[in-house]
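Since every read-out is calculated from the coordinates, none of them should be taken as a lab result. Because the structure is a prediction, the values reported are computed rather than measured. Counting neighbours? That spans all protein chains shown, and the Cβs are built from the backbone with ideal geometry, glycine included.
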Number of protein chains: 2
Amino acid sequence: MTNSEPAPLRPFLARLLRHSALDEVEQAAIMKLPGIVAEVGTHRDIVRLGDKVKHACLVLSGIVGRFSQDRVGRRQMAAIHLRGDMADLHSVVVPQATSTLQALSAATILHVPHGEIVTLARTYPAIADAFWRDCVVDAAIMAEWLTSMSLRSANSRTAHLFLEVAWRLGIAAGERPVSYDFPITQERLGELLGLTGVHVNRTLKALRTHEVLDFHHGKVSIIDWEKAAQLADFDPAYLEAASHRLPAGRSRRG
Amino acid sequence: MTNSEPAPLRPFLARLLRHSALDEVEQAAIMKLPGIVAEVGTHRDIVRLGDKVKHACLVLSGIVGRFSQDRVGRRQMAAIHLRGDMADLHSVVVPQATSTLQALSAATILHVPHGEIVTLARTYPAIADAFWRDCVVDAAIMAEWLTSMSLRSANSRTAHLFLEVAWRLGIAAGERPVSYDFPITQERLGELLGLTGVHVNRTLKALRTHEVLDFHHGKVSIIDWEKAAQLADFDPAYLEAASHRLPAGRSRRG
DNA sequence: CGGGGTCTTGAGGTGTTTCAACGTCGGTGG
DNA sequence: CCACCGACGTTGAAACACCTCAAGACCCCG
């Protein structure tokens, strides 16, 4: 079965186009990428640490996390992938997984063969650049997380995560109040934020009390974007630096 | 001036060859990369946040750090680059810097024009892959740092850093005691580790007392590699996953 | 011989963890 | 239809790792 959905690659192409200029031929080539669709249940591993994979995983729906684990079993997520993200595009050049990929909610995955991706990159240099750039953008996000971990408090860090996800989902700016589905437990939020489940709970309560944002029943509502952005010291520059259509001088939000 | 040193690109090529197979023609092409050599003093910025750069920075000597900063001025390093590392190879595809690059010690930098790098990548697909792979390896290191920040204690984290650097310098395994130059202040070590300078001091004292390792006058000595590796939960798999000459089934150290 | 940067040590404060108990909700079987 | 159960959420109290502030020692360089 190659592509049961109508146009599963559309969101992936959209993501690429956010940072890379591709002409119509190149876009058409991306849209023709074949793959196998798989439904993955919550908390199911998609790729395990050390696996040698032959496919990259495109997230069609749901939330996918990449994490590592220590001896005791405590986990820390290094990345989160949403609809349209190729969660392990990097596996094309490093097939042996250095971390585990897991579905944080029920998810739909399109497994795209490395061979097809390589062929595309070889044929169209602009696509090769786009893939490379995609990995670099993910790295920039991870660098921001690293900063977050050490420099921001639990409250600030939590707000920052929710703002980042809102931004990446494309539902930021302008229209308020912003809200979106984020079906994940507090325990797992803790693994994203480097906090215990218990403290995540206290943190969410504080953010709700101060009318910054609200997280309930797998739904995030950003009550006051300005207040949240200030608390989180959120500057989307790291998400937008690769934007090729960016109108030049733009950084701190107004 | 193009290349005053005898063979400044040799260590960079060596780094690429650790993870990518390149034939003689490709290797020769890398060695011919032109660039401008610059001496950079301690604590001098090489690239500033937001800069649009046209060159990538190859570290010929010294230590270079990539960091971000919050409003208060506290800093967190997201990466460290040693001799042979192209510190911002990613700038080829994302020229606008999302973090600052600074010399942590006196350093020598070779500025390589993006144009030359792109030409090479376009001409030799294997080189394009190698560059992409290089960025992915750096990302894997950053992911490990992220894990370190949240899962490991100050002692463990510090040991982990010194082991990683030893490994990356290629002076690991077998011969003990291992020692190498690492000319950096405790304050700046704190920015690498996400600790205050004061606590770095206490941490180093503890590690010295327990005869794990020693850091004095810009020199690291790993007194007991096994003990250090155990304390740090250090597994070099994340550094070796991309190794194309790896003898297959290898992960946890014995 | 003074001075600035770095290292060292102490005492007290704070954010987060740990442990533990209890509440709530949705599902499942009697 | 109610009793039960497990997963998840909520709250409290105490412990702990690390931070902050502060003072003094060391040491190289001018």
Signed unit charges on C-beta, dipole axis of the protein assembly as shown, positive-most listed residue A:Trp225, B:Ala56, B:Ile117 | A:Trp225
Might you report the magnitude of the Cβ-based charge dipole of the range A:1-81 about its Cα centre, with Lys and Arg at +1 and Asp and Glu at -1, to the nearest 20 debye?
-> 460
Amide H partners (placed H, <5 Å) of A:Ala106, local residues excluded = A:Thr42
Spelling it out for A:Val37: with amide H atoms placed in the peptide plane at 1.01 Å from N, the residues 5 or more places away or on another chain with amide H under 5 Å from its amide H are A:Asn3, A:Ser4, A:His111
Nitroxide proxy distance, nm - points 7 Å out along Cα→Cβ at A:Met31 and A:Leu17 = 0.9
For the range B:10-136, with +1 on Lys and Arg beta carbons and -1 on Asp and Glu, the positive-most of B:Ile127, B:Pro34, B:Thr100 along the dipole | B:Thr100
Taking amide H positions as placed in the peptide plane 1.01 Å from N, state which residues far from B:Ala79 in sequence (5 or more) or on other chains have amide H under 5 Å from it.
-> B:Arg66
Computed over chain B: relative contact order in percent, which uses C-alpha pairs under 8 Å that are six or more apart | 20
222 nm mean residue ellipticity, helices alone, for the protein assembly as shown (DSSP H n ≥ 4; -39,500 (n - 2.57); rounded to 500) = -12500 deg cm²/dmol
Taking the Cα centre of the range A:115-175 as origin, sum charge times position over the Cβ atoms of Lys and Arg (+1) and Asp and Glu (-1), and report the length of that vector in debye to the nearest 20.
-> 160
Once phi for every residue in the range B:198-214 is put through the Karplus expression 6.51 cos²θ - 1.76 cosθ + 1.60 (θ = phi - 60°), the whole-Hz ³J(HN,Hα) values, with Gly and Pro written as x, are 4, 6, 4, 4, 5, 4, 4, 4, 4, 5, 5, 4, 7, 6, 8, 7, 9
State which entries of B:Lys32/B:Lys54; A:Lys205/A:Lys227; A:Lys52/B:Lys227 exceed 21 angstrom in Cα-Cα distance in the structure shown.
-> A:Lys52/B:Lys227
Under unit Cβ charges (Lys, Arg +1; Asp, Glu -1), what dipole magnitude, rounded to 20 debye, does chain B have relative to its Cα centre?
-> 460
Cβ-derived FRET efficiency at R0 51 Å, B:Lys227 paired with A:Asp235, nearest 0.05 = 0.75
